[in-house]
Amino acid sequence: NDHDLYAGSVYVNIDDAESSPEEIVEAIIRSMGLYKGSGSPTFYTTLAVYTNLILAKDGMGRRLWNNKSELASAMGVSNIVEVEVMESEPEIVGIIVNLKDYTLGADKGGDVAFFDDFDIDYNQYKYLLETRLSGALTKIRSALVVRKVDVASVLVKPTKPSFTDGTTVTV
C-alpha cells in the first residue's frame, strides 16, 4: 500500500488463457529496470503463483526451471518466498523488494506497555507486553508490485471512422 513513488506497479497479463509462465517471467525481467532498491531483491508471492511458474515446461515436456534457485536466478531476484497472507489480494502476483530498504519505527520513542494479571482459573500470572510499530519504504522505487491485468478488458478496438462529406470525419 505504499505510494507509487516508493513501490511502483508492474502489470502482467496472467488471467489470459494464452499467457504462459515464460511470458510472466519475461515481463518481470523487463520490469526490473524500474527497480532502484538496494542489492538483490526477493520476490514475495503466493504458493499458487510459484507453483504455476516452477511447473512450466518446454515443447519437449522438460521443466524450464528445475528448482526455486534456478527460477529466482532467471527472474533476477535472490530468492522467492511464498507468503500465505498475499492470497487475500488476488490482483497481486507478487512483490519484489529488498527489506533493507524498509524502515521500522515506533511512536513515542518506542513506548512499551506492560500488563500483568492473575488468572484464578489456571492459578497463574498472565503477562502482556505491547508496543506499536510502523514501517515504510524509505528509498524511491525500492519495491515493485507485480499486478494482474486482463488485456482484453484494457485494450480497446477503435471503430472505423465515417465520412459525412468530403471534409468531415466522425470517430
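The values are calculated or read from the model by the stated rules, or taken from the named source; none is laboratory data. Because the structure is predicted, anything quoted here is derived from the model rather than measured. So basically every Cβ, Gly included, is an ideal-geometry build from the backbone, and we count neighbours across all protein chains shown. Keep in mind that these areas ignore ligands, DNA and RNA; they rest on the heavy atoms of the full protein, side chains included. Shrake-Rupley method; radii C 1.70, N 1.55, O 1.52, S 1.80 Å.
Brief remarks on what is shown
- Whole-Hz Karplus values for region 89-105 come out as 10, x, 7, 9, 7, x, 10, 9, 7, 9, 5, 5, 8, 9, 10, 9, x Hz, taken residue by residue from phi with 6.51 cos²θ - 1.76 cosθ + 1.60 and θ = phi - 60°; glycine and proline positions read x.
- The relative contact order of the chain, computed from alpha carbon pairs under 8 Å that lie at least 6 residues apart in sequence, is 32 percent.
- Relative to the globular-protein estimate of 2.2 N^0.38 Å, the Cα radius of gyration of region 14-78 stands at 1.14.
- Between residue 83 and 45, 46, 47, the built amide H atoms are under 5 Å apart, and every one of these is 5 or more places off in sequence or on another chain.
- Residues whose amide H comes within less than 5 Å of that of residue 9, counting only those at least five positions distant or on another chain, are 145 (H built at 1.01 Å from N in the peptide plane).
- ³J(HN,Hα) computed for each position of region 72-79 - Karplus, 6.51 cos²θ - 1.76 cosθ + 1.60, integer Hz, glycine/proline x: 4, 4, 5, 7, x, 10, 7, 7
- Under the criterion of Cα pairs below 8 Å and six or more residues apart, the relative contact order for region 91-154 equals 49 percent.
- Each residue of the chain gets 258 Å³ once the volume of the Cα convex hull is shared out per residue.
- Estimated vicinal HN-Hα couplings, Hz - region 138-144 in sequence order (Karplus 6.51, -1.76, 1.60; Gly, Pro = x): 10, 10, 5, 6, 8, 8, 10
- When the C-alpha to C-alpha distance is required to be over 24 Å, the pairs from 36/148; 36/100; 57/157; 57/148 that qualify are 57/157.
- Length gained when the stretch residue 34-residue 69 is fully extended (0.36 nm per residue, less Cα-Cα span): 10.4 nm
- Ranked packing of 23-32, 100-109, most packed first, by mean Cβ within 10 Å: 23-32, 100-109
- On region 18-93, 52 percent of the accessible area sits on carbon and sulfur atoms, based on a 1.4 Å probe.
- Within the chain, helix-based [θ] at 222 nm, where runs of 4 or more DSSP H residues each add -39,500 (n - 2.57), nearest 500: -5000 deg cm²/dmol
- Other-chain or far-sequence residues with amide H under 5 Å of residue 93's (modelled H): 146, 147, 148
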